[in-house]
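Working notes, beginning with the structure itself.
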Amino acid sequence: MSEPAHDRSAVVGDPHRELHDRLIEAGLLFATPVQGLYGRSETYQEVVRALDAMVHRWALTLEATTIHVPPVLARSTFDATNYLQSFPDLMGSVHIFSGNDRTHAELVRRVEAGGDWQALLEPGEVVLSSAACHALYPMLSGRLPAGGRRFEVNGLCFRHEPSVDPARMQSFSMHEVVYVGDPDDAQQHRDRGLRVALARLAELGLEAEAVPANDPFFGRLGTALAASQLEEELKLEAVTPIFAGRERTAVVSANCHRDHFGQPFGIENDAGAPAHSACVAFGVDRITIALFARHGLDPSTWPNEVRSALFS
Ligand code: ATP
Ligand code: ZN
């Protein structure tokens with residue numbers, strides 16, 4: 001985690017608030033009534049597209065298959081990932097109306113009376129996606145070829161973590177490069193991928209370092225899960241300073257999942273064992289925010305080396 005939970009609210013002189021306000025005043029982000037939910041300007045989105053192209057160029061060298069995934073995930077996939085056991089506080093569910101004329105009349109009555117119309121909805125067949133790579137695994141059920149497969153998975157994610165920190169959004173872009181196959185190759189993909197990510201960040205003028213990390217597991221049980229994830233170095237993050245005097249922010253995460261996805265989705269390596277997987281997840285919005293914080297709010301004035309690394 002890049003920032004302790006108690007630090008997430010705005011205080012006067014807060015560097016998170018300062019950058020947040022500067023990005024909005026510059027017209028790069030557009031505020032909404034909800035914290036962590038923004039409209040993006042064309043200039044902002046040009047940087048996002050350039051970063052996506054940078055990740056894509058790396059994925060091409062790995063002969064990865066490219067999949068652009070939707071921002072919602074099949075509820076059946078979500079249920080199979082055990083996400084609720086670990087991160088109930090971050091998830092978002094999509095609810096739908098499937099009533100008749102009578103329940104519709106009641107729905108309208110409640111809306112007009114400012115009442116509890118949500119109680120007339122029911123869970124839809126999708127939830128909001130919390131990580132781009134989750135959509136991939138159910139597509140791979142069955143036997144993999146020898147050597148496994150590589151994928152590039154890109155999509156918008158949702159996490160309920162309202163914050164004034166502009167690098168901690170509720171809706172943000174995640175661009176991942178994933179390996180599925182054998183345990184050793186998964187580990188190697190993760191480690192090589194992280195090195196590639198650090199090199200790309202350096203070319204973009206962002207000082208970054210790899211550090212062991214843990215996911216923000218929920219509750220008392222979560223403390224133990226986080227400790228063992230740290231100890232086994234299953235998750236590494238590339239962290240970069242965005243806010244003076246604050247903890248560095250994770251802009252890329254590199255994760256070994258073991259057979260956490262291979263097992264429930266029935267993915268087998270060529271020998272018939274549950275496949276292992278690993279992903280290198282670029283937080284494209286976070287990198288964009290880091291670039292604006294580091295090089296200024298007008299990309300046309302960024303250092304030439306950075307511009308040519310990014311927009312080549
Ligand atoms: P953090 O520890 O900062 O909460 P995380 O460990 O939960 O992040 P991952 O689940 O590894 O993050 O997500 C992959 C990448 O997605 C992160 O490295 C980060 O760059 C990006 N990311 C995660 N959460 C957010 C968010 N709320 N807003 C913007 N980007 C995010
Ligand atoms: Zn992933």
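For region 168-184, the count of residues that are in a helix (DSSP H, G or I), within 24 Å of Met91 (Cβ to Cβ) and either at pLDDT below 95 or more than 15 Å from ligand 2 (Cβ to nearest atom) (or both) is zero. Ala238 satisfies every condition listed in (1) in a strand (DSSP E or B); (2) in contact (Cβ under 8 Å) with a residue 60 or more places away in the chain; (3) under 18 Å from His189 (Cα atoms) except (2). Residue-level check: of (1) part of a helix (DSSP H, G or I); (2) away from ligand 1 (no atom under 14 Å from the Cβ), Gln263 misses just (1). Every condition in (1) more than 16 Å from ligand 2 (Cβ to nearest atom); (2) in a loop (DSSP other than H, G, I, E, B) is met by Glu305 except one, and the failing one is (2). If the condition is being at pLDDT 90 or above, more than 16 Å from ligand 2 (Cβ to nearest atom) and not in a helix (DSSP H, G or I), then region 191-234 contributes Leu204, Gly205, Leu206, Glu207, Ala208, Glu209, Ala210, Val211, Pro212, Phe218. Can you find a residue that is part of a loop (DSSP other than H, G, I, E, B), modelled with pLDDT under 95, touching a Ser or Thr at 6+ places or on another chain (Cβ under 8 Å) and of a type outside the set (D, E, K, R) anywhere in region 72-87? So far as region 72-87 goes, yes, one or more of its residues are part of a loop (DSSP other than H, G, I, E, B), modelled with pLDDT under 95, touching a Ser or Thr at 6+ places or on another chain (Cβ under 8 Å) and of a type outside the set (D, E, K, R). Only one entry of Gly245, Gly266, Gly262, Gly205 meets the criterion of being closer than 15 Å to Leu291 by Cα, of a type in the set (Gly, Ala, Ser) and in contact (Cβ under 8 Å) with a residue 60 or more places away in the chain, and that entry is Gly205.
Checked against the criteria, Thr240 counts as closer than 18 Å to Met174 by Cβ and away from ligand 2 (no atom under 16 Å from the Cβ). Take the conditions within 17 Å of Ala199 (Cα to Cα) and polar (S, T, N, Q) and apply them to Thr301. Does it pass? Judged against the criteria, Thr301 is not a match. Of the residues that make up region 175-186, is at least one surrounded by fewer than 22 Cβ atoms within 10 Å (Cβ to Cβ) and either of a type in the set (Val, Ile, Thr) or touching a Phe, Trp or Tyr at 6+ places or on another chain (Cβ under 8 Å) (or both)? Scanning region 175-186, I find at least one residue that is surrounded by fewer than 22 Cβ atoms within 10 Å (Cβ to Cβ) and either of a type in the set (Val, Ile, Thr) or touching a Phe, Trp or Tyr at 6+ places or on another chain (Cβ under 8 Å) (or both), so the answer is yes.
The values are calculated or read from the model by the stated rules, or taken from the named source; none is laboratory data. Not measured: the values here are computed from a predicted model. For neighbour counting, all protein chains shown are included, and Cβ atoms are generated from backbone atoms with ideal geometry for every residue, glycine included.
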